[in-house]
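A short worksheet on the structure shown next.
A short reminder: the numbers here are calculations on the coordinates, not readings from a lab. Here the structure is a predicted model, which means the values were calculated and not measured. Cβ atoms come from the backbone with ideal geometry, glycine included; neighbour counts cover every protein chain shown.
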Amino acid sequence: MPTVAIFGTLDTKGTEFRFLRDRLRALGVETLVVDCGALEAPAFPPDVAAEEVAEAAGTSLAALRARRDRGEAVAAMARGAARIAARLFAEGRLQGIVSLGGSAGTTIGTAAMRALPVGVPKVMVSTLASGDTRPYVDTKDLCMLHSVVDVAGINRLSRRILGNAAAAIAGMVTA
């Protein structure tokens, strides 16, 4: 059974990532959740902790939290997420990747996606998808899905959008 890695900021978007994880599991896909949230505790236990992501970036979660600098934390977690994604792929532990978020989540999620080779399924649900996505996509084959509404809880619209994203990545990894 294929595994989809879910890279996400579980400190701020835990409800949404749990919904996405549960939807993927309901579609018959294994999941591997990587917590990329740097400022608070995760909303649910991940498979890969934020501490490991920070360490992959050459820092510690404690140091990022002590400085409380959101920009620095996002940059560090993006570097770490890219390294973790590349490692998981090299180990054969992921066959696809999905993420969601606003500017911080998109920066981190797409950094992880760009670390993977062309052909590995990649889906990013983002509030930024209706604008200039070149800095996030670069030369990779990632799909961006506009969240339409802010990624802030599960409602009638976000339920549909996140459900569509889960179905898209599930279809890609099982094709």
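Our helix-only sum for the chain, with -39,500 (n - 2.57) per DSSP H run of n ≥ 4 divided by its residues, gives a mean residue ellipticity at 222 nm of -14500 deg cm²/dmol. Each residue of segment 94-109 was assigned a 3J(HN,Hα) from its phi angle through the Karplus curve 6.51 cos²θ - 1.76 cosθ + 1.60 (θ = phi - 60°); the sequence is 9, 10, x, 9, 9, 8, 8, x, x, 5, 5, x, 5, 4, 6, x Hz, with glycine and proline shown as x. If you take percent of Cα pairs over 22 Å apart from the coordinates, which of (i) 44; (ii) 35; (iii) 41 do you get? Among (i) 44; (ii) 35; (iii) 41, the one derived from this structure is (ii). Computed from backbone phi, the HN-Hα couplings of segment 25-37 come to 4, 5, 8, x, 10, 6, 10, 9, 8, 10, 7, 10, x Hz, rounded to whole numbers (Karplus: 6.51 cos²θ - 1.76 cosθ + 1.60, θ = phi - 60°; Gly and Pro given as x).
In this structure the amide hydrogen of residue 143, modeled in the peptide plane, comes within under 5 Å of the amide hydrogens of 122, 123, 124, none closer than 5 places in sequence on its chain. Peptide packing for 125-134, 65-74, 12-21 was compared via the average number of neighbouring C-beta atoms within 10 Å per residue; ordered from the highest value, the list is 12-21, 125-134, 65-74.
Which value, to two decimals, describes the C-alpha radius of gyration of segment 1-49 once divided by 2.2 N^0.38 Å?
Details: Rg = 10.3 Å, N = 49, 2.2 N^0.38 = 9.7 Å.
That works out to 1.07 for segment 1-49.
Residues whose amide H comes within less than 5 Å of that of residue 33, counting only those at least five positions distant or on another chain, are 6, 47, 48 (H built at 1.01 Å from N in the peptide plane). Where the alpha-carbon atoms of segment 115-165 are placed on the principal axes, they occupy 34, 21, 13 Å, in descending order.
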